[in-house]
Amino acid sequence: MKMIIETERLYFRELLETDVDGIFSLDSDPEVHQYLGKNPIKTSQQAKDVISSIRKQYVDNGVGRLAIIEKETNDFVGWGGFKLITDLTNGHIGYHDLGYRFIKTFWGKGYATESSKAAVEYAFNQLKLHVIYAIADIGNLQSQKVLKKCGFIEKGLFDYDLVPHYWFELYNPNK
Ligand SMILES: CC(C)(COP(=O)(O)OP(=O)(O)OC[C@H]1O[C@@H](n2cnc3c(N)ncnc32)[C@H](O)[C@@H]1OP(=O)(O)O)[C@@H](O)C(=O)NCCC(=O)NCCS
């Protein structure tokens, strides 16, 4: 299995059809979805659909969220990395959004920050992106902390699906 990004405790690889149980644990949890529209999934078919949709992005866009695996246990922790945003969002379109989503038992270990810092390095050094963006619900303080620890700068508020969100940006220092 190809490790696309590696950190001290984690690695990123493509999301696979066999991750269905992991995606179900992740996306059926109402706490995980508290700041994601409050609409957790209910069936394993929906988990399969999530995986198909992400795998389609790999083909269509050459990029998509990646599974994150804990090295020590080989457990599926959640997903992270980039999505190409093709809908107009806060006046931007066709940009790379950094995101992450972890099963609750893996919160509070520094995994989101560790993996996101590595994803930022990958975006600038391998993908050679000029700028990356991220968004976070104004109530999602943990996510805002992750982004700030990665160097993102908060650039104001906008409504996403009628909910106020912060807009974050980070420019490639080498470009
Ligand atoms: C957002 C989310 C990924 C944040 O996860 P997290 O585990 O809180 O984030 P981090 O990886 O930065 O871990 C932070 C905590 O781990 C603690 N920690 C424990 N061991 C650590 C270690 N070895 N290294 C670093 N931090 C460690 C830190 O003290 C820190 O706590 P603090 O921020 O209160 O000081 C998680 O809440 C989540 O998946 N939420 C649901 C999906 C979601 O909202 N995604 C974002 C949408 S914008």
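Sorted by mean Cβ packing within 10 Å, highest first, what order do the peptides 83-89, 12-18 take?
Result, highest mean first: 12-18, 83-89.
Taking H placed 1.01 Å from N in the peptide plane, check which residues at least 5 places from LEU15 or on another chain put their amide H under 5 Å from its amide H.
ALA67
Order of TYR133, TYR35, TYR58 from fewest to most other C-beta atoms within 10 Å?
Starting with the residue having the fewest Cβ neighbours, the order is TYR58, TYR35, TYR133.
Helix-only estimate, please: 222 nm mean residue ellipticity of the chain, summing -39500 (n - 2.57) across DSSP H runs of length 4 or more and dividing by its residues, to the nearest 500.
-9000 deg cm²/dmol
If the reach is capped at under 23 angstrom between alpha carbons, list the lysines near LYS117, excluding any in the same chain fewer than eight residues apart.
Correct list for LYS117: LYS2, LYS71, LYS83, LYS104, LYS109, LYS128, LYS145, LYS148, LYS149, LYS155, LYS175.
Each value in this text was obtained by applying a stated rule to the coordinates, not by laboratory testing. If you're wondering where the values come from, they're calculated on a predicted model, not measured in any experiment. Cβ: placed from backbone, ideal geometry, glycine included. Neighbour counts: every protein chain shown.
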